[in-house]
Every structure is written in structure tokens, then in C-alpha cells.
Amino acid sequence: MKSPMWPCDYDKCERPAVRILGDCVLCSKHLCSEHLQRSYHRCATPEDGDLFYQEIAKAEDHEIAQLVNRIDLERLSLRASSLRDDVSCRIEVPTDEKNERSYLMGGMNLHLRIVFEDGIIWLARVRRSNATSPPPHLQDYIIRSEIATLRSLETTSIPTPKVWDYDIGGENPVGVGHILMDCMPGKPLDWSSTSKEGRGKVIAQLADIYVELQRFQFGQMGSMNRVGENAVGPFARECLTDSAGPTMQPLGPFADLREYYRGSTNLLLDLIHRGELIYKFLNEQLANVYPDEGNPPTGFYLTHADDKGSHILVDAKSNITAIIDREWVFVAPEPLAFNSPMLLLPTSDFFNGESRIGKEEQLFAECLEERGAKDLAKIVRNGRLHHQLAFLCTLDLCLSFEDLLGLFKGFRSSMGVDHQYSWQEWRQLSLKRFGQDDKLKDILARSG
């Protein structure tokens, strides 16, 4: 029996909470579509301007204080020291200073520096806990997948932090689940402030990384899920997880992209169930995007689901010093694994429905060709349709409705299907086209 990932926390409400939009970090509640309305939910929103960001900062301070209070810093120090023949160390907790905290804390994890007396520095990676966090069992699975991925990447030439120790659950002397890993040099890549020369240098290095990743092949699409083995199992992503009672049911693994998108769009249709016609149409078009030609993918490869650049560390000369945040990594067929990274997308054109690749993507393809990877260059040059479909079918990107409409316009143009219609014209036609769909009829009946 299906059940929501989170029920609505409003008193006596039995509706499912809305994923992502229903997670409020200010009041720590999960809310349904009705109780998200201002008449019920009075927390500040981005429309409230500075007040909202002040409240977010307060909630973050409270969350981090509680998390740090749960960590036995002395036990953590002793554990780290024991792994290095008792070299003494100290634990540095991020201060409230904005720049330091932003560097050591992401949307999902907090990092504590472990500084050894001989100058070696590790990080203790600790999962944050707030209303946006997935349920504990799913969270543990995501962490296990990240560790398995990091251990696998240690065998490559890609600069990756080495994992020295981990404890996934919170039932340990340290008090929280954690990963102890190398603290890698460099700072997160800021693409907007990187010079043209620096961008070219980064793009060339990304081409080297793609060529290296192509050497490591897997047998199906999903997430690595067993530490020490190159095993691929179901996806370790909240947006690709269904639930049945107390049990989380991640999607996958899948044999090809058509099967993957069929599963993800069906899940979206089940979750939405309120008239999002785009997903019914996308599901119908999958046979045209990925025709069944009787030839399964020849291989599956590691790729990053959120490769906008913050996962890349660079030095002052634009040399890549590390690739981090491996919880977003999964295994996919070549057309998805080796498409150009989001970092290189011409953002405005992309979200306005433009189907041509951008100048930096062209440069990336040329760099791949220079390295003899003509097959990867071809994927990049023909990759726009795959980007459009991937963005449209990913729940956790939090795109605006305007961006979705632009993407959907681009997808229809790339497919050569219904591209002559405006959104409103297409919507009216689709209400007739899908009018016999049971879920759509139920939605229309409920909405009057």
C-alpha cells in the first residue's frame, strides 16, 4: 500500500505533505498543499524579502547548534587520532562567520575540520537534519551510496577525497553518523567570476575527467550501493523514491534510459496527481526519444546529477584540485553520463527553449575530440534533447513554472511534436487527448 514520504503535520490532517515545497525549515513541518496556504502557514516566504532570509539564518543557527551539541568532539578526536597511529588532533567547528560556514556547510552536510599536529587535515562530514532531510532509512542509503562511490573513485586518476572511516548510523560513540575523509585543497568553482582563459582551462580538465570516467564501466543504471564492490542498485535519491508504509522504495536499477524515464515519469504522475499534464505527454513521447531498437546500452558510467560547478574545487590558477559532493553521483548510459555538465549550459537560452548547444559546450566537444574521444564529443553536440528531458523529469531541481514552460517548449521543438502551439493551446488540446486518463478525470472532478 502506497503512503506519503511525509504526512502533513497540521493538526488532524491526513493528507500527504507536498515534497520539497511542503518542507518548511522555519517551523520544521511538512505540509500538504492546503495547509501551505498563508491562511494556515504564517512562516515568512521569499516574497517577504529580508525578513525571510533573517528567519532562515536563525533557523540555520539553531539547527547547527543542535547538531554540534550531539557530536562528542572528544570521541571524534580520539577516533581520528587512532586511525593515524595516535597522532594528536583538534576539531574545528565552523564559526558563524558567513564565508567560513558557506565553505564548510552545504544544503545537506556540515563539515568539521580535523587538524592533526603534523599538518594533515581531514574533514568529518556530518549529515544535517531539518525539514528538508529525507527519512532516516533513505538518508542512510544515500550516505552508503556516497561512500561506495568515493571508494570506487579512489582507483581512478580523478582527484577525490580518500575515505578513512565511516559510521552511517547515529548509534556510535561520536553520537552522529559521519564520514572521515581528506580535506581537499582549493575553493568551490565560481564560474561567473572565472576569466575566459580560466574557463577554457577548466573545460579542458573536465574533458580529461570524462575520458578517465569512460574507462570504468558498469552493467546497469542506478546508484552504487555496496561499499567495496562495484555493485549498482536502486537510486539513492529522494526524488526517485516511492514509499509503502514505513518502507522506502527507491526506483531502479534500470537497463536503459527509456526504462529509467518511464519509471521516473510514472512516479511523478503518481506523486503529482493534480493535473500536471506535461508528465503524461513526456511519458507518451519516450518511445520516440528512445526507440526500442533491440540494442541495449553497451555500458553505464558514473556521472554527477548536480554538476553546476560547486562540486569542483580549484586553485587560484584554475587547476581542478578535487571533485567533491559524491552523494549526487549515479551510474547512467553514455548519452546521459557524458552529456555536457550543467555548468556549461547557456542558462538563458536553455530555459527559453533554445535547442542549440552553447559556445562553451562547443569548446568542450572540441577538447574531447583533441583527446581522441570523438564518441563523447558527438554526445555533447547532440545532447540538448537529453538535457531537456532530464531537467523536466527531475523533481528536486525546484524550477520555476516559467522555466518549466521554456524547457517544455524546447523539448517539443527538439522532438518536432506540438511545437507550433502555445502553452495554453497545448494544454487545451491535451485535456482532450488525455481526457480518459483515470487520474486526470479524478483531478478535474475534485477541482470542479
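The values are calculated or read from the model by the stated rules, or taken from the named source; none is laboratory data. Everything numeric here is computed off the predicted structure, so don't read it as measured data. Every residue, glycine as well, gets a Cβ built from its backbone with ideal geometry; the counts of neighbours run over all protein chains shown.
Structure notes:
- Residue in the range 377-388 that is touching a Gly at 6+ places or on another chain (Cβ under 7 Å) and crowded, with 20+ Cβ neighbours inside 10 Å present: yes
- Condition broken by Ile203, with the remaining ones in (1) in contact with an Asp or Glu (Cβ under 9 Å, 6 or more places away or on another chain); (2) surrounded by 18 or more Cβ atoms within 10 Å (Cβ to Cβ); (3) within 28 Å of Leu251 (Cα to Cα) satisfied: (3)
Conditions tested, residue by residue: (1) under 29 Å from the mean Cα position of the chain (by Cα); (2) surrounded by fewer than 10 Cβ atoms within 10 Å (Cβ to Cβ); (3) modelled with pLDDT of 90 or more; (4) basic (Lys, Arg).
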| position | (1), (2), (3), (4) |
| --- | --- |
| Leu399 | yes, no, no, no |
| Leu404 | yes, no, no, no |
| Phe411 | yes, no, yes, no |
| Ser414 | yes, no, yes, no |
| His419 | no, no, no, no |
| Trp426 | no, no, no, no |
| Arg433 | no, no, no, yes |
| Asp438 | no, yes, no, no |
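- Only one entry of Ala80, Ala65 meets the criterion of being free of Cβ contacts under 8 Å to residues at least 24 places away in the same chain and not assigned by TED's automatic domain parsing to the domain that holds Ile312, and that entry is Ala65.
- Yes/no for Glu229 being surrounded by fewer than 17 Cβ atoms within 10 Å (Cβ to Cβ), of a type in the set (Asp, Glu) and assigned to a loop (DSSP other than H, G, I, E, B): yes
- The range 14-53 - residue that is of a type in the set (Ser, Thr, Tyr) and over 21 Å from Gly107 (Cβ atoms) and, of those, surrounded by the most Cβ atoms within 10 Å (Cβ to Cβ): Ser33
- Residue match in the range 135-152 (condition: β-branched (Val, Ile, Thr), in contact with a Lys or Arg (Cβ under 6 Å, 6 or more places away or on another chain) and farther than 27 Å from Asp61 by Cβ): yes
- Here Arg199 meets the list (1) in the same structural domain as Leu313 (by TED's automatic domain parsing); (2) in a loop (DSSP other than H, G, I, E, B); (3) not aromatic (Phe, Trp, Tyr) almost entirely, failing just condition (2).
- Among the residues of the range 171-197, those that are out of contact with any Lys or Arg (no Cβ under 8 Å at 6 or more places or on another chain) and surrounded by 13 or more Cβ atoms within 10 Å (Cβ to Cβ) comprise Asn172, Met184, Pro185, Gly186, Pro188, Leu189, Thr194.
- The listed residue being out of contact with any helix residue (DSSP H, G or I) (no Cβ under 6 Å at 6 or more places or on another chain), within 30 Å of Gln249 (Cα to Cα) and either acidic (Asp, Glu) or part of a helix (DSSP H, G or I) (or both), out of Leu67, Leu76: Leu67
- If you go through the range 344-376 and keep only what is of a type in the set (Val, Ile, Thr) and either closer than 18 Å to Leu404 by Cβ or surrounded by fewer than 20 Cβ atoms within 10 Å (Cβ to Cβ) (or both), you end up with just Thr347.
- Val115 fulfils the conditions (1) touching a strand residue (DSSP E or B) at 6+ places or on another chain (Cβ under 8 Å); (2) farther than 22 Å from Glu327 by Cβ; (3) modelled with pLDDT under 95 except for a single criterion, (3).
- Residues of the range 238-259 include at least one that is more than 30 Å from Val115 (Cβ to Cβ), out of contact with any strand residue (DSSP E or B) (no Cβ under 7 Å at 6 or more places or on another chain) and assigned to a strand (DSSP E or B).
- Within the range 34-49, residues that are within 19 Å of Cys398 (Cα to Cα) have Cβ atoms under 7 Å from residues that are among the charged types (D, E, K, R) and outside any loop (DSSP other than H, G, I, E, B) in these pairs: Ala44/Glu55, counting only partners at least 6 apart in sequence or on another chain.
- Top-ranked residue in the range 9-20 [being within 23 Å of the chain's Cα centre (by Cα) and touching a residue at least 24 places away in the same chain (Cβ under 8 Å); ranked as nearest to Thr132 (Cα to Cα)]: Ile20
- In the range 106-158, of all residues being assigned to a loop (DSSP other than H, G, I, E, B) and touching a Leu at 6+ places or on another chain (Cβ under 8 Å), the one that is surrounded by the fewest Cβ atoms within 10 Å (Cβ to Cβ) corresponds to Thr156.
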